[in-house]
Amino acid sequence: MSEQNTVYIYTDGACSGNPGPGGWGAILKAGVHTKELSGGEAQTTNNRMELTAVINALSALKRPCHVVLTSDSKYIIDAIEKGWAKKWQQNHWMRNQKEKALNPDLWEKLLSLLQIHQVKFVWVKGHAGHPENERCDQLAVMQSQKFQQ
């Protein structure tokens, strides 16, 4: 994967209360180009915002890409890297015999995007000074605040 053909994506989600007003932020970098995306919802969860950030960032790509996606969400990284999300999908969105998998609508979208793009996931500790992660957090918090009283 050559450096010039790689898109670097950074994402984060935020929620004030869980559930509560939430926001997400994403930064896409390709060569000299940088794009910031963000949005939010009045009533959501942190995990939904984390997933929404990744989905919107990947959806913004205009053609299949090599992607290095950095997130502080162990929920997303583990579910993809350890194959949990695919297993939940194969089991009709059940985590096990009794528990439904949460957010199947978003996982379905993410798994379909992962069929288009070659994505390498990288975990980074949140709130630890990583510049792009900190900026994504700022974007997510700003969006969540739009829905707070």
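Could you tell me the number of lysine pairs in the stretch 1-118 with C-alpha atoms less than 14 Å from each other, where the two lysines are 8 or more residues apart or belong to different chains?
Summing the qualifying lysine pairs gives 6.
Give me the net charge for the shell around Asp137: Cβ to Cβ below 15 angstrom, other residues only, Lys and Arg +1, Asp and Glu -1.
-4
Quote to one decimal, in nm, the extra length available between Ala60 and Gln138 on full extension: 0.36 nm per residue of separation minus the C-alpha distance between them.
So the extension gain works out to 26.1 nm.
Per the Cauchy relation, a quarter of the hull surface: what is the mean projected area of the convex hull of the alpha carbons in the stretch 55-124, in nm²?
4.6
Counting each DSSP H run of 4 or more residues in the chain as -39500 (n - 2.57), what helix-only mean residue ellipticity at 222 nm follows after dividing by all residues, to the nearest 500 deg cm²/dmol?
It comes out at -11000 deg cm²/dmol, rounded to the nearest 500.
Just the number, please: percent antiparallel of the DSSP beta bridges in the chain, rounded to the nearest 5.
In the chain, DSSP labels about 60 percent of beta bridges as antiparallel.
Mind checking the log10 I(q)/I(0) for the chain at q = 0.10, 0.13 Å⁻¹? Debye, one equal scatterer per Cα, no solvent, two decimals.
Ignoring solvent entirely, the Cα scatterers give -0.33, -0.56.
What's the extension gain from Gln148 to Ala42 if we count 0.36 nm per residue and subtract their Cα-Cα distance?
Length difference between fully extended and current span is 37.4 nm.
What is the ratio of the Cα radius of gyration of the stretch 94-149 to 2.2 N^0.38 Å, with N the residue count, to two decimals?
Normalised Rg, Cα atoms only: 1.57.
Mind checking the full-extension length gain between Gln118 and Lys98? Use 0.36 nm per residue of separation minus the Cα-Cα distance, one decimal, nm.
Once the chain is fully extended between Gln118 and Lys98, it gains 3.9 nm.
We did not get these values from a lab; they are worked out from the coordinates using the rules stated. Note that the structure is predicted; figures quoted are calculated from it, not measured. Cβ atoms come from the backbone with ideal geometry, glycine included; neighbour counts cover every protein chain shown.
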